[in-house]
1. Would you pick out the residues in the stretch 115-167 that are of a type in the set (G, A, S), out of contact with any Leu (no Cβ under 7 Å at 6 or more places or on another chain) and closer than 14 Å to A91 by Cβ?
2. Show the residue pairs meeting these rules: Cβ distance below 7 Å; 6+ apart or different chains; first residue within the stretch 161-186 and within 21 Å of S148 (Cα to Cα) and touching a residue at least 24 places away in the same chain (Cβ under 8 Å); second residue surrounded by 15 or more Cβ atoms within 10 Å (Cβ to Cβ) and among the β-branched types (V, I, T).
3. Looking at L160, L138, can you tell me which residue is in a helix (DSSP H, G or I) and buried (at least 18 other Cβ atoms within 10 Å of the Cβ)?
4. What is the one condition in (1) modelled with pLDDT of 85 or more; (2) crowded, with 18+ Cβ neighbours inside 10 Å; (3) within 30 Å of K166 (Cβ to Cβ) that M43 does not satisfy?
5. L88 versus (1) of a type in the set (A, V, I, L, M); (2) within 16 Å of the chain's Cα centre (by Cα); (3) loosely packed, with under 14 Cβ neighbours inside 10 Å: which is the lone unmet condition?
6. Restricting to the stretch 187-207, count the residues that are open to solvent by 50 Å² or more (accessible area, probe 1.4 Å), in contact (Cβ under 8 Å) with a residue 60 or more places away in the chain and aliphatic (A, V, I, L, M).
7. Please state which one of A93, A14, A51 is among the aliphatic types (A, V, I, L, M), modelled with pLDDT under 90 and open to solvent by less than 40 Å² (accessible area, probe 1.4 Å).
8. Out of the residues in the stretch 96-126 that are open to solvent by 50 Å² or more (accessible area, probe 1.4 Å) and assigned to a helix (DSSP H, G or I), state the one that is nearest to Y163 (Cα to Cα).
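The values are calculated or read from the model by the stated rules, or taken from the named source; none is laboratory data. Note that the structure is a prediction, hence the values are computed from the model and not measured. Here Cβ is always computed from backbone atoms with ideal geometry, including for glycine, and neighbour counts include all displayed protein chains. When the accessible area is computed, the model is the full protein with side chains, heavy atoms only, and any ligands, DNA or RNA have been set aside. Shrake-Rupley method; radii C 1.70, N 1.55, O 1.52, S 1.80 Å.
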Amino acid sequence: MRKMKSKASEVVMAVLRALDRAHISILTVGLTYLVATDIGIVMVQTGNPFAISYRDGLVSNAQSSPIIVALDRNDRVGAALLDAGGNLIGAVANTLGGLGVIIPYPFVAYRGWIGGIVSIDSSHVSRFADPQEAIYYLTTLMLQLIPSILAGGIGVNLGLSYYRPKPYYQGEKWLGMPKAALQDVFWIYLLVIPLLLLASLWEFGMR
């Protein structure tokens, strides 16, 4: 029991250390997400035709997706797993894109904007008009953004560690990358994966 507690403590410390090392990258990615999300919200809430039309097109195209098909069969767990899997692929892509340092930011901004423009429903009524719907929307958005921000931020941190490694990333390398920086990616993904699953289970379990 003592060994298990010790191991758990080591994992927690490693995750916290990775968060601390990557905090600047995580914050810049997070700020990009939030600004883009706010822009999307303002655009649809003020009736911007482009944003509303884009929102309608996205929702329409999604109707034939495996996730919606699973929902139509009332398979909420299956839909959540499919959604989490797709989001994980996107998170990994953002992390890998971080090797180019600036590459994730346009994709982050786009995803944040998408999160904002779905703040109206299919009738173009604001989700903020109904307190219960507003809570559902904002909670879903927050749960989705947090792991995406972590994944993008740790990717940018990895890219920076390759080009200008901090003192704690000096030393042994794997595949040309600082070993400690790659390990930090692993520790952050111990948060990212369950958070993505939680976000999807919430989104489809609360419908």
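1. Within the stretch 115-167, S148, A151, G152, G153 meet the criteria.
2. Within 7 Å, the pairs are D184/I154; V185/T95; V185/I154.
3. Answer to the selection: L160.
4. So M43 meets the others, but not (3).
5. The number of the failed condition is (3).
6. 6
7. Working: A93 fails: open to solvent by less than 40 Å² (accessible area, probe 1.4 Å); A51 fails: modelled with pLDDT under 90.
Result of the check over A93, A14, A51: A14.
8. The extreme case among them is L99.
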